[in-house]
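Asker: Input: one structure, supplied below.
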Amino acid sequence: MKKYNQLRDKLLAAYRSNRQHMLQQLRLQRAQLHLTIKKDYRHELYRKSIHLSSLWIPALIYFASQEIATAIFSIIFIGDALLEYGNYKKWKWARRTFGMLFFKTLRNKERIRTQFQVSGSMYVLAAAIICTTLFSQPIAMIAMTVMLISDTCAALFGKAFGTRKLYKNKSLEGTAAFFLSALLINMLYEPIYHFTYAGVIASALATAAEMFEDKTGLDDNLSIPLVIGIVLTFIG
C-alpha cells in the first residue's frame, strides 16, 4: 500500500507539473499571437497613413490647372520609376533613398521580390495622370479621393473588426467600410459635383474593383479611380 501511495503521489505531481507547463505554453502562445496581431495592425496603420498623405493629389487637381497638375504628376512619376528601378538594380543612392522612403510601408512579400515590380505609389501617380487628363476636374478629384480614403477605411476596419469573410482575405466589415465611405465622399463633393444615382453605382463598382483585384489583374490604386471616373463621366 505504501508503494502504491508513493506511485500515486508521483503520478499526481507529474500531472500537475505537466498541466502547469502546458498552461504556461498556452499563455505564451496567446501573448505572442496578440503581439503579432497588434504589430501587424500598427504596420497597416503606418502604411495607410502614408497612403492618406497623398491627399495632396486631389488638392493639387483643384488648385492647379490641368496642364500644371499633369506635368507635376508626370515628373514625380518618372522620378519614382527611376528610384524603384535603381533600387532593384541595387544602385547605392537609390537603395538608400528607397529604404528611407518606402521600406517601412512594404509588406513582407513585397520585400522579397526577385523580379522588378512597381510599388503602389507608381499606380497612384499613374491614376492621377490618367484621371487629370481624361476626366473633368471634379470627377478626377472624387476618383482620387475615394481611392485614397475608402481603400484606407477598408483595410483598417477589416483588420480591426473583420470577422465575416466575403472573398479570400476581404471581410464584410472592410467591404462595407469602403462602400459607405465612398458614398459619403461623393455626397461631400456636392458643392462642386451634383450627387446622383451615378455616385451610388460608381461606389458599388469601385467596391467590387477593390474586392476582386486579383481577378481583374489591375492594382486597385489604379482600377478604383478609373471605375469612379468612367461611371461618373458616362452616367453622371
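Every number here is computed from the coordinates shown, using simple stated rules; none is lab data. All figures in this text were calculated on a predicted structure; none of them were measured in a lab. Quick reminder, even Gly has a Cβ in these numbers, built from the backbone with ideal geometry, and neighbours come from all protein chains shown.
Asker: Viscosity 1.567 mPa s, temperature 4 °C: give me the Stokes-Einstein translational D for region 136-203 in µm²/s, with Rh taken as the Kirkwood radius over C-alpha pairs.
Answerer: The estimated diffusion coefficient comes to 105 µm²/s.
Asker: What is the fewest-to-most order of Ile129, Ile61 by other Cβ atoms lying within 10 Å of their Cβ?
Answerer: Fewest-to-most ranking of Ile129, Ile61: Ile129, Ile61.
Asker: Follow-up. Dividing the Cα convex hull volume of region 178-233 by residue count, how many Å³ per residue is that?
Answerer: 67
Asker: Contour minus end-to-end for Ile201 and Ile78, with contour as 0.36 nm per residue of separation and end-to-end as the Cα-Cα distance?
Answerer: Extra length available between Ile201 and Ile78 comes to 40.9 nm.
Asker: Restricting things to Cα coordinates, could you compute the convex hull volume per residue of region 105-236 in Å³?
Answerer: Enclosed volume per residue, from the Cα hull, is 110 Å³.
Asker: Residue by residue through region 133-148, what is 3J(HN,Hα) from phi via Karplus (6.51 cos²θ - 1.76 cosθ + 1.60, θ = phi - 60°)? Round to whole Hz and write x for glycine and proline.
Answerer: Ordered by residue, 3J(HN,Hα) equals 7, 8, 10, 5, 4, x, 5, 4, 5, 4, 4, 6, 5, 4, 4, 6 Hz.
Asker: Tell me, Glu67, Glu210 in order of fewest to most beta-carbon neighbours within 10 Å?
Answerer: Glu67, Glu210
Asker: Suppose the chain between Phe212 and Tyr167 were pulled fully straight at 0.36 nm per residue; how much longer would it get relative to their current alpha carbon spacing?
Answerer: Between Phe212 and Tyr167, full extension yields 15.4 nm more.
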